[in-house]
Structure formats: C-alpha cells, structure tokens
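Q: Structure below; questions to follow.
The values are calculated or read from the model by the stated rules, or taken from the named source; none is laboratory data. If you're wondering where the values come from, they're calculated on a predicted model, not measured in any experiment. Note that each Cβ is placed from the backbone with ideal geometry, even for glycine, and that neighbours are counted across all protein chains shown.
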Amino acid sequence: MAKRVATLMGVVFILAGIIGFISNDLLGFHLSFFHNAAVHIVSGVVSLYFGMAGTLKGARLFCLIFGAVYTLIGVAGFVLGSNQSPSANIPGPADARLWQVIPGQLELGTSDHILHIVLGLVFLIGALMTRDGTSRRTVD
C-alpha cells in the first residue's frame, strides 16, 4: 500500500507544481514559484522514487515520516497563522490563518492547512496499512 500511495501522491505533487506555475491562486491555495518548485516538484520526485524504485520498507518509512511532517505542518499552520493578506504576488483577500513561513516565498493559508492535514493522513494511512514483509511466528 505504501508504494502505491507514494507513487500516486508523487504524481499529484508534480501535477500540483505544474498547475501552480499556471495559476498561483488556484482554489485559495497560495502557490508561489518557490512553493511549486522547491516543495511540490521536489516532494513529487522524492515520493515517486520511493513509490517506484524504493523498497517496500523504505516506502513505508517515507510515508510514515512524510505523513507525520505534513500533518504537523497543517496543524502548525492553524496555530501559527493569523489574519493577514498574502504577500507572494498572489491576489486575493486576507486569509484568517495565513502563515508566512518565508514571507513572499512560502505562505500557507487555511486551504493549505486543511490540504496538508488530509495529505498527511493519506501518507500515514498508506504507511500503517503496509505490512513490512516479515512474518512473525509465535513459539508454543
């Protein structure tokens, strides 16, 4: 399951990065050049590697770590975000929970936080539903 999740999510991340270059305010997400290139494209390539070329154990560990990190980023966004307008050349109104991680380069709003939590949970579920391939026997 982890290899499938990593492969599928790798494709999703790369597509999100490409779409983000075309529309930087798609569905309320704050997509700067840096966010698309350094986060989406790189994350997609790494995820694809673990999904397609990595071992099952490696894919499981990747999904576990990546899922935990993305979930924490989503939660941190709600905690650290505040009511402000984006400054990364992204049009639109103020966001109630905007977190300017790197002002002008990496800014995460409410939509981003929700999506990060969902993505994190998808990766975590993929990891937790994957058996590591070893059999465990009990000795009577």
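Q: Can you name the number of the only condition in (1) at pLDDT 85 or above; (2) over 15 Å from the mean Cα position of the chain (by Cα); (3) within 21 Å of Ile102 (Cβ to Cβ); (4) not charged (D, E, K, R) that Ala16 fails?
A: (2)
Q: While we're on this one: Could you tell me how many of the residues in the range 20-44 are without any contact (Cβ under 8 Å) to a residue 40 or more places away in the chain and buried (at least 16 other Cβ atoms within 10 Å of the Cβ)?
A: 6
Q: Got a number for residues in the range 2-31 being in a loop (DSSP other than H, G, I, E, B) and in contact with a Gly (Cβ under 8 Å, 6 or more places away or on another chain)? It would help to see each step written out before you state the result.
A: In the first step, residues of the range 2-31 are kept if they are in a loop (DSSP other than H, G, I, E, B); the result is 23-25, 29-31.
Okay, now just the ones that are also in contact with a Gly (Cβ under 8 Å, 6 or more places away or on another chain), so 25, 29-31.
Adding up the residues that qualify gives 4.
Q: Tally up the residues in the range 62-108 that are part of a helix (DSSP H, G or I) and modelled with pLDDT under 90, please.
A: 0
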